[in-house]
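Working notes, beginning with the structure itself.
The values are calculated or read from the model by the stated rules, or taken from the named source; none is laboratory data. These figures come from a predicted structure and were not determined experimentally. Neighbour counts run over all protein chains shown; Cβ positions are idealised from the backbone, glycine included.
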Amino acid sequence: MSTIRCDIVSAEQEIFYGSAQMVIASGEAGELGIAPRHAPLITRLKPGQVRLLLENGEEQFFYVSGGILEVQPSVVTILADTAIRAKDLDESAALKAKDEAERALANRADAMEIAQAQAQLAQAVAQLQALEKLRRSLKH
């Protein structure tokens, strides 16, 4: 079974360092599946889930607020402003942020506030989706 090293790094700390059979992430153009010997690649990531299929068959889930994914011959590096293990996400905080963003969009303030609210809403929804996918995987 061949593997590729994966590093997930946030602005604050290294979140994951290890080997994986597959790395799945949401790139700007859609879902990416990175396996060993993947062609070199650099792409931006959308806010959302990163899923790792580890050597032992276990899956680990992470939330990233966006960032950069770089694939080299023997390593995948994910650099994000925010990266959190899905099990460590705070659902109530994500729901509160989603509600605040929806209220700001409903009030139709200036263009800058709308852009900030849209970004906040996208991140909150991505966190909630990552939590939901984690729950579904734990049921199986």
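Here are the numbers for the structure shown:
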{"quantity": "Residue that is more than 11 Å from Ala20 (Cβ to Cβ) and in the same structural domain as Ala20 (by TED's automatic domain parsing), where the choices are Gln49, Gln60", "calculated": "Gln49"}
{"quantity": "Residue count, segment 17-34 (criterion: among the aliphatic types (A, V, I, L, M) and surrounded by fewer than 16 Cβ atoms within 10 Å (Cβ to Cβ))", "calculated": "1"}
{"quantity": "Test: Ala25 is small (Gly, Ala, Ser) and either farther than 19 Å from Leu121 by Cα or more than 14 Å from the chain's Cα centre (by Cα) (or both)", "calculated": "yes"}
{"quantity": "Residue check, Gly33 in contact (Cβ under 8 Å) with a residue 12 or more places away in the chain and of a type in the set (Gly, Ala, Ser)", "calculated": "no"}
{"quantity": "Criterion (acidic (Asp, Glu) and surrounded by fewer than 12 Cβ atoms within 10 Å (Cβ to Cβ)) met by exactly one of Glu55, Glu14", "calculated": "Glu14"}
{"quantity": "Strands (runs of 3 or more DSSP E) contained entirely in segment 21-103, each with at least 1 residues that are within 14 Å of Arg5 (Cβ to Cβ)", "calculated": "30-34, 41-54, 67-72, 75-80"}
{"quantity": "Test: residue in segment 86-94 that is touching a residue at least 24 places away in the same chain (Cβ under 8 Å), surrounded by 15 or more Cβ atoms within 10 Å (Cβ to Cβ) and touching a strand residue (DSSP E or B) at 6+ places or on another chain (Cβ under 8 Å)", "calculated": "yes"}
{"quantity": "Where a residue in segment 48-65 is farther than 17 Å from Ala83 by Cα and its partner, wherever it lies, is surrounded by fewer than 22 Cβ atoms within 10 Å (Cβ to Cβ) and among the hydrophobic types (A, V, I, L, M, F, W, C), with Cβ under 6 Å and at least six apart", "calculated": "Leu53/Met22"}
